[in-house]
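Notes follow the structure.
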Amino acid sequence: MLFFRALYLIFLLLIFVSCSKDNTKISVIKEKSLELQVLEAYDIGKDALEGGDVLYAAKKFNEVETLFPQSELAPKSALMAAYSYYTQDYYADSIAELERFIKVYPYHKDISYAHYLMGICFFEQIVDEKKDLQSIKNAKIKFDFILREYPNTEYALDSEFKISLINDILASKEMYIGRYYFEKKKWISAINRFRTIIDDYDTTIYTAEALHRLVEVHYTIGLIDEAEKYAQLLGYNYGSTEWYENTYSLFDKDYKIRKKNRFKDIKKKNKKVLEKFKGLFE
């Protein structure tokens, strides 16, 4: 009796061992199958992106991340989904993907690229500086962040260039509004706009004009000392520009007349030289 009982236990043990091996094999097969699915989805996403079907590409890249979130391909796929949207100007979708990437993978090696691409998405939505102020501000915030946090990356140099362009856009907006206030004789509002350019955007192409406009406003309302102060500042920094010439003409009413006569004299002198030169061939 004991013999049969022992034999029965051995038989059960063999069955359990066999089942365990089968389960292990099935598990390995499933795991391999999942990896293959991930790679296949990623390759399909790449092909779709290259073929211009960005929505399907983004869908497949998201699928990779969902199937195998612990894999090295997961964060890469998340970035690829964002880039896919960006290539066809789906900026809102791209920004949403990038925000999620930054939240889920804050220490990923390509985190600087995620911030940079988001900045580009904001920047490329700038169409009209008079209307798209939020896009301009968001882009500047992001590029400033890159310069501060990732100064030694390849994205920092372009971020600095983009900030320069953004400052020109913002200065242009201030100049546009300042001119409007000047035409409407709203002197204080005009002064404030021109001062903003001097204080916040002094490296832009509008600085010389802003100084001239400040001279113009103060001279118009009778604050001659203030006008002269800005005129001196303009002459010291931008003495060779047309704006300094315009400022100079404000204080010297005969300047334009003398300038006109001077050009007439130069023209007459050139004419005499040409006639003399022409006579050599007669």
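Which of the residue pairs K103/K140; K46/K109; K140/K184; K186/K229; K137/K162 have a Cα-Cα distance greater than 24 Å in the structure shown? Write down the numbers at each step before the final one.
Values: K103/K140 21 Å; K46/K109 21 Å; K140/K184 31 Å; K186/K229 21 Å; K137/K162 12 Å.
In this structure, K140/K184 lie more than 24 Å apart at Cα.
Using a ≥ b ≥ c from the Cα gyration tensor of segment 84-151 (square roots of the eigenvalues), is it rounded, prolate or oblate, where a/c under 1.5 gives rounded and otherwise the larger of a/b and b/c decides, a/b for prolate? Mind showing how you got there, number by number?
Numbers: a/c = 2.44, a/b = 1.37, b/c = 1.78.
Oblate, since a/c reaches 1.5 and b/c is not below a/b.
Classified by the C-alpha gyration tensor, segment 54-121 has an oblate form. Its axis ratio a/c, with a ≥ b ≥ c, is 1.5 or above, and a/b does not exceed b/c. The phi-based Karplus calculation (6.51 cos²θ - 1.76 cosθ + 1.60; θ = phi - 60°) puts the 3J(HN,Hα) values of segment 102-117 at 4, 6, 7, 10, x, 10, 5, 5, 9, 5, 5, 5, 4, 5, 5, 4 Hz, whole numbers, x for Gly and Pro.
Every read-out reported here was derived from the displayed coordinates using simple, explicitly stated rules and does not represent laboratory data. On a predicted model such as this, the values are computed, not experimentally measured, just so you know.
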